[in-house]
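The values are calculated or read from the model by the stated rules, or taken from the named source; none is laboratory data. Small disclaimer: the values here were computed from a predicted structure and weren't measured. Every residue, glycine among them, receives a Cβ derived from its backbone with ideal geometry; neighbour counts consider all protein chains shown.
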Amino acid sequence: MVSDGPKLGIIGFGEVGYHMARGLKGEGLGWVVAFNNGNRNRPPYSDAFREYAAGIGVVLTATVEELVRGSDIVLSTVVPTAALETAREASPYLTSAHLFVDLNSCSPEAKEQGRDLVLTRGTRYVDGAIMDRPVSDEHRACIFASGEGAEAFHDAMAGSGMNIRVISGRVGDAALLKMIYSIIAKGMQALLLESFETLYRAGLDPGVYDGLNNMVSQSGLLERAGPIIAHTATHAGRRAGEMEFVGDTLLRLGVEPTMAMATAKRLTWCAGLDLPQHFPNGLPSNYKAVFEVVNKLVGEGQPRN
C-alpha cells in the first residue's frame, strides 16, 4: 500500500482512466486528478460526472494545464485517434520533472511523434501498452513500457501494485507488441460480432451444433462470447481506431493487413450504430440484447455493414 506516492494526472477519464484510478486510490495513492473532453463528459462537467469521479476520490480539473501543473506523472488514456492531440495540448505545460505516459493503442510511429512533442519540454516519455482489461484488473492490468522514461515510470509506481513490465528503452516497442496482440484480440471480437449476429438472425443457439459447441466450449469461448460482444458493441469506436493503426503498422512492416482491415471495417460499422446510447445503464445483458437493437436500427434504415 502507498500512503502518498507521486501526484498522478489522468487525461481521459473514460473506462480505462476511471478503473485505473479506482485501483490506485484503493492502494492509497494520495493525489489523483483527471481531465476529460469526451463527447458526453467535458468541462463544465455535470454534477453527476463530478460525483462519479469524487466517488473514488478523484478530482476533475477544468483544463489540461491545471492537470499538468498539479501532477508529477501524466497518463494519457484517450481514444487512439486523440493521442497526438493530447500530447500536443499537454506539452506547453510539461517540464523536465514530468513523466508523460501514453497508454493509448497507437502505432509505433504515432508514439514516436508523441515523444517528439514532449521532448521539446525535456519531459521523459513512456510508450505504454495495456495488455489486460482495466475494467476487471484495474491498476494491476499488465502494462508493457518502453522509452526513455519507462524505468522511471516503473520505479515511481513500484509501491502502487501496478504491473509494469519494462521491455526496452526504445519508443515504439510496446506499441508494436500491442498492435500484434490486437490482430488476434480485436479480430476475435469482430468474428464474434458477425457469427453470433448470424446465429441470432437465424434463431439458433450456439450449442445447437455439436461441432461448434465442442469447439467453443473447449476454448471457453461460449461462456465469454456474450460479455465480449456486449463490451465490443459499446466500445467499437475506440477499437476501430486502434485497428486502423494496426493496419498502418503492418503495411510499414511489409505485411498485407487483410484481417486487420476487415476487423476495422466491422468495428467501424458497429461504432456507427452508436449502441451505447441504447444501453444508458451499462453494458447489454447478453449478445441477444445487442442484436435486438442492431436489427431495430437496420430496420429503421441504418446501413448494413
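Please go through (1) more than 17 Å from residue 191 (Cβ to Cβ); (2) surrounded by fewer than 20 Cβ atoms within 10 Å (Cβ to Cβ); (3) under 17 Å from the mean Cα position of the chain (by Cα); (4) at pLDDT 85 or above for residue 292 and return the number of the only condition it doesn't satisfy.
Unmet condition: (3).
Looking only at region 33-42, decide whether some residue is on the phi > 0 side of the Ramachandran plot and either over 18 Å from the mean Cα position of the chain (by Cα) or of a type outside the set (A, V, I, L, M, F, W, C) (or both).
If we filter region 33-42 for residues that are on the phi > 0 side of the Ramachandran plot, which is where we start, we get none.
No, region 33-42 contains no residue that is on the phi > 0 side of the Ramachandran plot and either over 18 Å from the mean Cα position of the chain (by Cα) or of a type outside the set (A, V, I, L, M, F, W, C) (or both).
Would you mind stating whether residue 170 is in contact with a strand residue (DSSP E or B) (Cβ under 8 Å, 6 or more places away or on another chain), under 27 Å from residue 72 (Cβ atoms) and in a strand (DSSP E or B)? Don't jump to the end; show me each part of the working.
On the way: in contact with a strand residue (DSSP E or B) (Cβ under 8 Å, 6 or more places away or on another chain): yes; under 27 Å from residue 72 (Cβ atoms): yes; in a strand (DSSP E or B): no.
Answer is no for this residue.
Out of all the residues in region 153-185, which are small (Gly, Ala, Ser) and buried (at least 19 other Cβ atoms within 10 Å of the Cβ)?
Keep residues of region 153-185 that are small (Gly, Ala, Ser), which gives 156, 158-161, 168-169, 172, 174-175, 182, 185.
156, 160, 172, 174, 175, 182, listed by residue number.
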